[in-house]
Each structure stands twice: as structure tokens, then as C-alpha cells.
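Coordinate-derived values only; no laboratory data. Values in this document were obtained by computation on a predicted structure and should not be read as measured data. Counting neighbours? That spans all protein chains shown, and the Cβs are built from the backbone with ideal geometry, glycine included.
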Amino acid sequence: MKSANHSIAHLPGLSEPQIEQLSALGISTTFDLLRQGNSLSQRQQLSRQLDTHIKHINKWTALANLARIPGVGCQHCGLLLHAGVSTPQQLAAMSVQQLHPQLRRFQVQLLNRADLAPDTAQVATWIQQAKSLNR
């Protein structure tokens, strides 16, 4: 399966000035961000260049990494990250029975809306796609 690449403008939580700063460094897609923020030293360098805390760079690269999973994309990478899933490998190791209730609880806590949580079939697809990415 092919990884999905997205504009960094679609990643949740990035402000317009941050997107512009990243673009000025040649980072306009999630693949660009993963290439230039692959190692801790690269993320530290980005942190210095952007004059922003390393935790933001770590969060953005985690979101970009999760967004590689086609079914997750930029629409659901934030939900997974906030539910405690930070890598495709971690997602691949989870079961639907373990992850789905976590996501549902998080949606209820955050938005008071269980109906916005992904269904079990969608979560199963994400897990399968994450497993395929790791091959």
C-alpha cells in the first residue's frame, strides 16, 4: 500500500504563520516534514530555525506520520494522537476492541458527541492499513 502525502496546511493545529515558516524552509507536504524532521537532531534544528518549542515539531511530525495512513489522513490523525496513538507501528499493534472504545470516549469527552467517533469498521481499516505500511 502507498503512503498518503498531504499539504501541511491540512495538518490540524498548525497556524498560518507556522505553515508559512515551514514553507519558507521547503516544507510544504507531510512527506517534506517527515524527511526534514526524521531524526531528533533534525527536529531540534527545525525547532531552532522556527524559534518554536521542540514539542510542537514532535507533534507535527507525529501527525504527519499518522496522516501517511490513507484511511486516517489529516482528518483523523489528531484524534489518534490525542487518544494516545503516536505512530503507525503503534496503531498496527492495537486491536479494534482496544482502540475503538478509546476513540469513542475521547470524542465524548472532547465534543460530547459519540456519533462523530469512527465506527469499528473504519478503525479496523486503519489498523490493517497501518500493518500494510509497516511491511
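For segment 19-46, how many residues meet the condition of being among the small types (Gly, Ala, Ser) and within 18 Å of the chain's Cα centre (by Cα)?
Residues of segment 19-46 among the small types (Gly, Ala, Ser): 23-24, 26, 28, 37, 39, 41.
Checking the rest, the ones that are also within 18 Å of the chain's Cα centre (by Cα) come to 28, 37, 39.
Residues that pass the stated criteria total 3.
Need pairs with beta-carbon distance below 9 Å; first residue within 17 Å of residue 89 (Cα to Cα) and in contact (Cβ under 8 Å) with a residue 12 or more places away in the chain and within segment 111-135, second assigned to a loop (DSSP other than H, G, I, E, B) and hydroxyl-bearing (Ser, Thr, Tyr); sequence gap 6+ or separate chains.
The qualifying pairs are 127/95; 130/87; 133/3.
For the subset of segment 59-89 comprising residues that are out of contact with any Pro (no Cβ under 8 Å at 6 or more places or on another chain) and of a type in the set (Val, Ile, Thr), which member is nearest to residue 2 (Cα to Cα)? Before you say what the answer is, go through the steps one by one.
If we filter segment 59-89 for residues that are out of contact with any Pro (no Cβ under 8 Å at 6 or more places or on another chain), which is where we start, we get 59-62, 64, 67, 70-73, 75, 80-89.
Cutting the leftovers down to of a type in the set (Val, Ile, Thr) gives us 61, 72, 85, 87.
Numbers: 61: 18, 72: 13, 85: 21, 87: 16 Å.
Here the residue is 72.
Residues of segment 107-135 being more than 20 Å from residue 60 (Cα to Cα) and in contact with a Leu (Cβ under 7 Å, 6 or more places away or on another chain), which ones?
107, 117, 118, 123, 127
Is it the case that residue 51 is closer than 22 Å to residue 88 by Cβ, without any contact (Cβ under 8 Å) to a residue 60 or more places away in the chain, surrounded by fewer than 19 Cβ atoms within 10 Å (Cβ to Cβ) and of a type in the set (Asp, Glu)? Can you show your working first?
Values: closer than 22 Å to residue 88 by Cβ: no; without any contact (Cβ under 8 Å) to a residue 60 or more places away in the chain: yes; surrounded by fewer than 19 Cβ atoms within 10 Å (Cβ to Cβ): yes; of a type in the set (Asp, Glu): yes.
Judged against the criteria, residue 51 is not a match.
Taking only pairs six or more apart or across chains, which ones have beta-carbon atoms under 6 Å, a first residue in segment 82-96 that is more than 19 Å from residue 11 (Cβ to Cβ), and a second residue that is part of a helix (DSSP H, G or I) and of a type outside the set (Gly, Ala, Ser)?
Between residues of segment 82-96 that are more than 19 Å from residue 11 (Cβ to Cβ) and residues that are part of a helix (DSSP H, G or I) and of a type outside the set (Gly, Ala, Ser), the close pairs are 92/131; 96/120; 96/123.
Looking at segment 13-34, which of its residues are within 17 Å of residue 54 (Cα to Cα), out of contact with any Lys or Arg (no Cβ under 9 Å at 6 or more places or on another chain) and either in contact (Cβ under 8 Å) with a residue 60 or more places away in the chain or surrounded by 13 or more Cβ atoms within 10 Å (Cβ to Cβ) (or both)?
14, 18, 19, 21, 22, 25, 33
Of the conditions (1) closer than 20 Å to residue 4 by Cβ; (2) hydroxyl-bearing (Ser, Thr, Tyr); (3) over 12 Å from the mean Cα position of the chain (by Cα), residue 120 fails just one. Which one is it?
(1) is the only condition that residue 120 fails.
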